[in-house]
Structure formats: C-alpha cells, structure tokens
1. Hey, among the residues in region 356-371 that are more than 16 Å from residue 66 (Cα to Cα) and touching a helix residue (DSSP H, G or I) at 6+ places or on another chain (Cβ under 8 Å), which one's surrounded by the fewest Cβ atoms within 10 Å (Cβ to Cβ)?
2. Take the conditions touching a residue at least 24 places away in the same chain (Cβ under 8 Å), assigned to a loop (DSSP other than H, G, I, E, B), out of contact with any strand residue (DSSP E or B) (no Cβ under 8 Å at 6 or more places or on another chain) and not assigned by TED's automatic domain parsing to the domain that holds residue 303 and apply them to residue 366. Does it pass?
3. Just to be sure, is residue 433 under 24 Å from residue 83 (Cβ atoms), within 27 Å of the chain's Cα centre (by Cα) and surrounded by fewer than 20 Cβ atoms within 10 Å (Cβ to Cβ)?
4. If you check residue 21 against the conditions, is it at negative phi and in a helix (DSSP H, G or I)?
5. Answer yes if at least one residue in region 280-293 is in a strand (DSSP E or B) and in contact with a strand residue (DSSP E or B) (Cβ under 8 Å, 6 or more places away or on another chain), and no otherwise.
6. Restrict the check to region 345-355 and report whether at least one residue is within 30 Å of residue 234 (Cβ to Cβ) and either crowded, with 24+ Cβ neighbours inside 10 Å or touching a strand residue (DSSP E or B) at 6+ places or on another chain (Cβ under 7 Å) (or both).
7. Could you list, in sequence order, all residues of region 267-279 that are within 18 Å of residue 77 (Cβ to Cβ) and in a loop (DSSP other than H, G, I, E, B)?
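The values are calculated or read from the model by the stated rules, or taken from the named source; none is laboratory data. Predicted, not measured: the structure shown is a model, and the values here were computed from it. Ideal geometry is used to build each Cβ from the backbone, glycine not excepted, and the neighbour counts take in all protein chains shown.
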C-alpha cells in the first residue's frame, strides 16, 4: 500500500467557476442503505427518482465500498481518512459481541470514537477557510471520553452541528434511533432543511456539508402519504430519504451554485432489511453485501453525465479528494487516494489493493454469514483487481496457519468478476493468486501495525 502524506497545492481554476472561490462540498450519508436499495440499481424495484436522476447526470461507482461493515467504524474511517487498523474503531460499542463460549480468540478492544487530536475532513477544510456543518447522526461520541475517544462534532472541526428525528434538536452527540412525528418520522426533512438553511447563509463562501441521515436504519418509518403510494415500509422509507435529497439539490440549484458544488451520495454500510442478492451477506459481514454500497457523484461541468466508474473505491478516498479540491495543506498520513482523476475521467488510481480489518466478533448471524453464531468472526480482507481474499484469524492462529492452509479454512478466495455472490471459494484452485494476496495482506498488517486478536490463555 502506498502511504500518502498530504501536501496538496493545486490550481483551483480547473474546478470552480467563480474566481478565488473553492468548490462547495456536500456529502450525503445514508444509514444502512444497501447496494441494491436504489431504483437505478434494481431497475425500478425501489422508487428513488432523485438518486436515479443523479446517476443520469453524474457518475455512479459500481465498486464503491465502505471501510467497515457497520455504522460506527464506517463513520470513523470516513471522517479520519484512515483504515480501522489505525484508529481502532472496529464495531458499534464492542468487539466482544456474541456467545463467549464460541469465541476462540480474545478480540481487540474497541474504541467508541475518534480522539480529539485526530484531524478530520472538517478540521482540514475549516483550516483553509471553509464553513463546516454537520447535520444528523454522529455516532462517534462517548460520554466522558473514555480512553481518549469519542469526541463531539464541535470538537472535530464543525462550525455548526444539528441532529433531530424530526421533532426538535437533539443534544450534540446523541445516540439512538427513534420514531419522529408522522410528518417526518426519520427526520430526513428536518435535517435536509437545516442543511439547506446552512447553504443559503454561506452561499457566498466555500462550505462543507456533512448530511448524515438516520434513514433507512430501523425502526423503518415513512410519511403516511408515502405509505399510501408505496406499500412496503422499507421502500417507503427509502422514498422519503430520496425526496429529502431532492430538496437539497433543489436548494443548490435555486442558489445558483450547481457548478461550484460537488455533491456525493453514499451509505455507511450494506443493507440489512432487503436482500442484497446477488451479493452475499448484509450489514456486519465482510462479504460484498456488507461492505459494497451505492455511491453517486454530481458536479455539473466537471463530471460528464451518465458516466459509470467500475474502479474499486473506498470512503477513505473522500478525504484526499476534498483536500485536493480545497487546496489544503496538512500533515497527516491518509490511507485513501484522491478520486479527482476518476471524477474528471483523465486518469486512474495508483494503488493496487484495498483492505478491511475487523479483529473482533459481531453477533446475530443472518443469511449469507459464514456460520450460525456470528455475522463475522475476526477477519481481514484484501481486494486486488477482480480478486478478493478473506483471512479468518481463528483458523490462521489456531489451526496451523500457512503450513496447513490447504485444510484449515483460514482463507477464502473469490473472483468477483465471475462470482459476485462469493460462493465459489478458489483458495485451493488458484494457489498462486491466493498466496500472493495473502502475503500482501500480511505485509499490510505489519505496515500499519494492525492490532490482532489474541489466543486465549488457558485457565490454570
């Protein structure tokens, strides 16, 4: 993996219309919306007219990934620009989730959030003159800041922060999901309105909007008027979310700043309500259904309408992308790579591989999981081109490692071009590829000093 120390000094005239004004950045983050949960992806099963329009007018990423399979670590990766192996936010609340007697290793303890000292996207953009606003779910705050983690949005670069479930402002850093009023049960319209008001106030200077919705995460709710049109509760919830995005885009158009504003829409992890088939698995798993997500970028005049990017990208790539756009100069080691060459269709990314690291356990096994006890056991994953390898640490540490790799089930290897459902394990058929990816993954562990689960000590 190539390391990136960011010292970006770029000419802005390429990217914005108004002289001496850096481009506005709007990041819309859905909660638990899977790769298959849009109209453009399912050819009409979902009614998402706004997202479908974004896809027609902008760029869709068919191989876009979150950096973790559930909410909290995904947000930590997004905002920090780092893999979980660096910041140690691996799960929601705990990595010790599930039947203890079935856990063969001692998991790495989880951090509940990012330390205040961690430089976020908002910190970096604020440092070069952006006004920054966070609207919606935070999920990275720990009361009392145990272990130096769990900072609030206002401590991590946001000038304005607001959260709501549609019935009034919540305390900063509040947790949980709850039904709001019937007119806005997931708070999507309240949050979008606040984001729109923020853009109007700051339309004459560069701004960064991080709009992190609670939808369509459960409990699934929608307006009564939507349910009259769409019978399925989840699909109705997604429709309301889509309509709230429409209001944001309409405000950008009304303000006359479309050509100065990059809008990107994505989700924190895979879906968990509707099946993600043909993908295997769902939220909490490191099969494709848990980590592949929708992603659309819209920027009139820069992104060619209706373009499709098939190159694997990750949400940690957004930090260096925004830095390049903003002429930012910071000193921080980032793990992603700027997506500007892809957005402008004038180049490719330099890296060869992308990674995931989850040294713990998640409970509540569902369809597509490897076993009946856990959504995931300790695992690391690498994707290189069409190949994807899973390394399961229990079998690797306890059942003979590389010496017995042909028999211990420590490794799974899939050709995603031919087997997007990850059903045909080729670890024994493609040993040379398996061994190459495994060696690369182990080297990445060493490079990042990735924390590993430990072999349990026998009681005396």
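1. My answer is 368.
2. Working: touching a residue at least 24 places away in the same chain (Cβ under 8 Å): yes; assigned to a loop (DSSP other than H, G, I, E, B): yes; out of contact with any strand residue (DSSP E or B) (no Cβ under 8 Å at 6 or more places or on another chain): yes; not assigned by TED's automatic domain parsing to the domain that holds residue 303: yes.
Yes, satisfied.
3. So residue 433 does not fit the description; no.
4. No: the conditions fail for residue 21.
5. Yes: one or more hits.
6. Looking through region 345-355, at least one residue is within 30 Å of residue 234 (Cβ to Cβ) and either crowded, with 24+ Cβ neighbours inside 10 Å or touching a strand residue (DSSP E or B) at 6+ places or on another chain (Cβ under 7 Å) (or both).
7. Initial filter on region 267-279 (within 18 Å of residue 77 (Cβ to Cβ)): 267-270.
268, 269, 270 - these are the residues of region 267-279 that are within 18 Å of residue 77 (Cβ to Cβ) and in a loop (DSSP other than H, G, I, E, B).
Condition check ((1) within 23 Å of residue 303 (Cα to Cα); (2) outside any loop (DSSP other than H, G, I, E, B)) across all residues:
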position: 47; (1), (2): no, no
position: 56; (1), (2): yes, yes
position: 67; (1), (2): no, no
position: 74; (1), (2): no, yes
position: 77; (1), (2): no, yes
position: 86; (1), (2): no, yes
position: 90; (1), (2): no, no
position: 110; (1), (2): no, no
position: 129; (1), (2): no, no
